[in-house]
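*Asks:* Pasting in a structure now, in structure tokens, and then I'll have a few things to ask.
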């Protein structure tokens, strides 16, 4: 169902699923729900969709007074690098949603509207989880979007993350190179796990690569650096949990609730580099507070 809708309406499958979620789709007069996204369609039937605004026509909502403002940490022709605060979504899911990083970009650079995927994802070349803080790139020109996007797809973008993890890691001093087959085990809320041998053999997984190094041993915890060479949903969080060291505050992946005062998972995108692009973001105040509590 979601694939059929996406193909016929020119949507992403995520956008098609959101139509199902809000009850905008009916089959032979019966309104469908989000849990029927995988419904197999018969040879005949009448499928109706309520009027909706096409993604290309959607406009990024402007920020409102009092919102946290992401700081621009670097910029160049056709791109911006911003320091995304924890808890801020990268882009809106609806035209009424404010409080996103992209809303602030559009206020600074209105020309971002229509770049790349356009609509509510205009200019987005990569993403961070809502609770992850740190440096984010956004393209404001079509040429820059295509160039940077291809860099991510070809794994040519250098990324460095910092994480506070549970337990004192026993990795080699030189660090640990990790290759793991991951797959999405659940979609809402998203949960990623290591694939079984049967799933690997069937190709139902994504192989991820990253290097990790311990920066500082703390009291029952560690400050670690992660340099991912691939990009996959929750890659860092899932792989650290698999190693027995979930990110502090990441209860979805088995971490203790509220350890050292953590109100979110303590993962920070510290640095990014690609061709002439070089940008860094200092860790935020809550990361610093949890680090000090663990020392």
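Where a number appears in this text, it was derived from the coordinates with a stated rule and is not lab data. Everything quoted here is computed from the prediction, not taken from an experiment. Note that we place each Cβ from the backbone using ideal geometry, even for glycine, and neighbour counts take in every protein chain shown.
*Asks:* Would you please report the Å³ per residue occupied by the convex hull of the alpha carbon atoms in region 73-228?
*Replies:* Given the Cα convex hull of region 73-228, per-residue volume reads 157 Å³.
*Asks:* If all Cα-Cα distances of region 1-127 are sorted into 5 Å bins from 0 onward, what percent lands in each bin, rounded to whole numbers?
*Replies:* 2, 10, 18, 19, 14, 12, 10, 8, 4, 2, 1
*Asks:* Now, a different point. Given just the C-alpha atoms of region 2-52, how large is their convex hull per residue in cubic angstrom? Could you put the intermediate results ahead of the total?
*Replies:* Values: hull volume 3.7 nm³, N = 51.
Spread over its residues, the Cα hull of region 2-52 gives 72 Å³ apiece.
*Asks:* Within region 119-161, name every residue whose backbone N is under 13 Å away from a label modeled 7 Å from Cα of residue 209 along the Cβ vector.
*Replies:* Counting backbone N atoms under 13 Å from the label point, the list is 154-157.
*Asks:* Taking the simple approach of a point 7 Å from Cα along Cα-to-Cβ for both residue 153 and residue 263, what is their distance in nm?
*Replies:* About 4.0 nm separates the two model spin labels.
*Asks:* Quick one: helix 285-294 against the long Cα principal axis of the chain, what's the angle to the nearest 10°, folded into 0 to 90?
*Replies:* Value to nearest ten degrees: 40.
*Asks:* Then there is this: So what's the Cα pair-distance distribution over region 240-295, bin width 10 Å, in %?
*Replies:* 23, 41, 26, 10, 0
*Asks:* Here's a follow-up. Springs between alpha-carbon atoms under 10 Å, Gaussian network over the chain: tell me which of 16, 255, 269 tops the mean-square fluctuations.
*Replies:* Fluctuation is largest for 16.
*Asks:* Additional query: Once you wrap a convex hull around the alpha carbon atoms of region 178-227, what is its projected area averaged over all directions, in nm²?
*Replies:* Average projection, Cα convex hull of region 178-227: 4.8 nm².
*Asks:* Residue 34 label point, 7 Å along Cα→Cβ, cut-off 18 Å on backbone N: hits in region 105-143?
*Replies:* Only 130-131 pass the distance filter.
*Asks:* Within 10 Å of each residue's Cβ, count the other Cβ atoms and sort 176, 3, 223, 164 from fewest upward.
*Replies:* Listing 176, 3, 223, 164 from fewest to most nearby Cβ atoms yields 3, 176, 223, 164.
*Asks:* Name the most mobile residue of 216, 207, 21, meaning the one with the largest mean-square fluctuation, in a Gaussian network model of the chain with Cα contacts below 10 Å.
*Replies:* 21
*Asks:* Related question: Divide by every residue of the chain the summed helix terms, -39500 (n - 2.57) for each DSSP H run of at least 4, and state the resulting mean residue ellipticity at 222 nm, rounded to the nearest 500 deg cm²/dmol. It would help to have the intermediate numbers written out before the result.
*Replies:* On the way: 7 runs with 60 residues, N = 295.
That calculation yields -5500 deg cm²/dmol at 222 nm.
*Asks:* Of all beta bridges DSSP finds with both residues in the chain, what is the antiparallel percent, to the nearest 5?
*Replies:* So the antiparallel bridges amount to about 95 percent of the total.
*Asks:* On to the next question. State the dimensionless ratio Rg/Rh of the chain (Rg: radius of gyration of Cα atoms; Rh: Kirkwood radius). Can you show the working numbers first?
*Replies:* On the way: Rg = 20.6 Å, Rh = 20.8 Å.
Radius of gyration over Kirkwood radius for the chain works out to 0.99.
*Asks:* Looking only at 57, 129, 250, which one moves most when the chain is put into a Gaussian network model with springs between Cα atoms under 10 Å?
*Replies:* Highest fluctuation of the listed residues: 57.
*Asks:* Taking the Cα of residue 186, stepping 7 Å toward and past its beta carbon, and measuring to each backbone N in region 114-133: which are under 20 Å?
*Replies:* Only 129-132 fall inside the zone, counting backbone N under 20 Å.
*Asks:* Below 8 Å, C-alpha to C-alpha, sequence gap of six or more: please give me the relative contact order for the chain in percent.
*Replies:* Rounded, it is 15 percent for the chain.
*Asks:* Run the Debye formula on the Cα coordinates of region 159-294, all scatterers equal and no solvent, and tell me log10 I(q)/I(0) at q = 0.11, 0.13, 0.16 1/Å.
*Replies:* Values returned for q = 0.11, 0.13, 0.16 Å⁻¹ are -0.40, -0.56, -0.84.
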